[in-house]
Amino acid sequence: MTDRLPPSSLRIGLPSGSMQASTVELFGRAGYKVSIQERSVFPRIDDENISAVLFRAQEISRYVTDGIVDCGLTGHDWIVENGNALDVVEICELTYSRASSQAAKWVLAVPEESPVQKPEDLAGGVIATELVNVTRKYFADRGVKVTVEFSWGTTEIKARLLDAIVDLTETGSSIRANNLRVLDTLLTSTIRFVSNKAAWAIPWKREKMENIAMLLKGAIEARAKVGLKMNVPEGMLAEIISFLPAEKSPTVSRLADSAWVAVEVILEEKQERELIPRLKRAGATGIITYPLNKVIG
């Protein structure tokens with residue numbers, strides 16, 4: 001695969017499968033257009049200094065460690081599972097996922113009707129999971145002898161065929177839908193942008209990776225925020241600013257009519273519904289809200 005990745009470019013591994021669409025969408029909002037042709041594992045990015053390849057998230061930390069790619073996006077869970085935590089440079093944490101903006105959790109679960117109440121009750125049992133190494137260490141640290149089998153998918157179904165499962169959940173909906181009960185959380189995981197140590201030591205590649213990290217984090221930060229503009233009577237400015245949220249302070253611009261000023265802020269989207277009626281009652285007019293692509297702190 002490396003023959004298709006120009007050595008003079010920054011080679012980045014992107015997750016395929018369930019994380020692919022959300023990753024492409026995040027890069028788009030960060031300012032990078034990623035195009036993927038059908039059946040191709042080599043996406044095109046509108047930056048001549050970046051070349052990309054699609055891998056399963058489970059593999060990316062290994063390929064970064066081995067230098068097949070310079071950097072990549074993968075879950076913290078797979079970095080731990082592959083034993084690569086000390087082998088890569090973690091550039092940043094990116095809190096996004098396939099279904100939500102929540103961190104994902106690997107949980108130990110049993111059927112609701114199971115007599116098992118705690119992990120120790122599973123001694124001698126069989127556990128199905130994709131996260132084999134982490135699960136084995138979890139039980140070994142507790143001195144509980146179990147058999148951990150790799151699951152090739154549909155892990156929730158196996159909870160009733162074996163003794164328990166360790167499965168990934170974001171919202172808990174699949175756990176509830178399958179009438180399972182969570183005994184414990186083994187690992188909480190978010191996406192990490194990681195680099196090969198040799199690539200990180202090359203100044204231009206490091207700067208490029210730092211730039212990508214800044215823009216990706218800015219795109220995530222902007223997801224829950226909106227911009228707000230309004231016109232405010234000069235005489236009401238002090239009162240409105242007193243309850244107006246802002247990162248530092250609102251931007252205030254004088255209008256041609258000296259009796260009015262324009263005010264602009266960035267705020268949490270959830271604040272919008274409470275704030276707009278209050279602004280209107282305080283005398284603000286021409287109130288506009290708009291989505292943001294990036295917020296760089």
For Pro115: the one exception among (1) without any contact (Cβ under 8 Å) to a residue 40 or more places away in the chain; (2) under 25 Å from the mean Cα position of the chain (by Cα): (2)
Restricting the stretch 201-210 to residues that are free of Cβ contacts under 8 Å to residues at least 24 places away in the same chain and assigned to a helix (DSSP H, G or I), the residue that is surrounded by the most Cβ atoms within 10 Å (Cβ to Cβ): Arg206
3 or more residues at pLDDT 95 or above: qualifying strands (runs of 3 or more DSSP E) within the stretch 226-297: 260-268, 285-291
Filter pass, Asp121 being surrounded by fewer than 20 Cβ atoms within 10 Å (Cβ to Cβ) and in contact with a Pro (Cβ under 8 Å, 6 or more places away or on another chain): yes
Qualifying residue in the stretch 272-295 (condition: within 19 Å of the chain's Cα centre (by Cα), farther than 30 Å from Ser114 by Cβ and among the charged types (D, E, K, R)): yes
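Any idea which residue in the stretch 149-200 is surrounded by the most Cβ atoms within 10 Å (Cβ to Cβ), counting only those that are of a type in the set (Lys, Arg) and not in a loop (DSSP other than H, G, I, E, B)? Step through it out loud before you land on a result.
Quick first cut of the stretch 149-200, residues of a type in the set (Lys, Arg) only: 158, 160, 176, 181, 192, 197.
Checking the rest, the ones that are also not in a loop (DSSP other than H, G, I, E, B) come to 158, 176, 181, 192, 197.
Values: Lys158: 20, Arg176: 13, Arg181: 18, Arg192: 22, Lys197: 13.
Among residues in the stretch 149-200 that are of a type in the set (Lys, Arg) and not in a loop (DSSP other than H, G, I, E, B), the one surrounded by the most Cβ atoms within 10 Å (Cβ to Cβ) is Arg192.
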Selection status of Arg254, free of Cβ contacts under 8 Å to residues at least 24 places away in the same chain, over 30 Å from Val132 (Cα atoms) and surrounded by 14 or more Cβ atoms within 10 Å (Cβ to Cβ): no
Any chance Arg136 is surrounded by 15 or more Cβ atoms within 10 Å (Cβ to Cβ), more than 23 Å from the chain's Cα centre (by Cα) and within 24 Å of Ile79 (Cα to Cα): yes
Unmet criterion (only one of (1) in contact with a Phe, Trp or Tyr (Cβ under 8 Å, 6 or more places away or on another chain); (2) modelled with pLDDT of 95 or more; (3) more than 14 Å from Pro111 (Cα to Cα)) for Val166: (3)
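Based on this model, can you work out whether Leu108 counts as closer than 30 Å to Ala198 by Cα and touching an Asp or Glu at 6+ places or on another chain (Cβ under 9 Å)?
On the way: closer than 30 Å to Ala198 by Cα: no; touching an Asp or Glu at 6+ places or on another chain (Cβ under 9 Å): yes.
No.
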The stretch 42-70: number of residues that are buried (at least 22 other Cβ atoms within 10 Å of the Cβ) and among the charged types (D, E, K, R): 1
Verdict on Leu131 being aliphatic (A, V, I, L, M), closer than 26 Å to Ile12 by Cα and loosely packed, with under 13 Cβ neighbours inside 10 Å: no
Close pairs from the stretch 131-154: first outside the structural domain of Trp78 (by TED's automatic domain parsing) and hydrophobic (A, V, I, L, M, F, W, C), partner in a loop (DSSP other than H, G, I, E, B) and surrounded by 15 or more Cβ atoms within 10 Å (Cβ to Cβ), Cβ under 6 Å, at least 6 apart: Phe139/Val146; Val146/Gly125
Residue selected from the stretch 211-225 under the condition assigned to a helix (DSSP H, G or I) and of a type in the set (Lys, Arg), by the criterion modelled with the lowest pLDDT: Arg223
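Within the stretch 26-144, considering only strands (runs of 3 or more DSSP E) that don't extend past its boundaries, which have at least 1 residues that are within 22 Å of Arg181 (Cβ to Cβ)?
Numbers: elements: 50-55, 71-75, 88-94, 104-111, 126-129.
Counting at least 1 such residues, we get 104-111, 126-129.
The values are calculated or read from the model by the stated rules, or taken from the named source; none is laboratory data. What you see is a predicted model; the values in this text were computed from it and never measured. All Cβ positions, glycine included, derive from the backbone under ideal geometry; neighbour counts span all protein chains shown.
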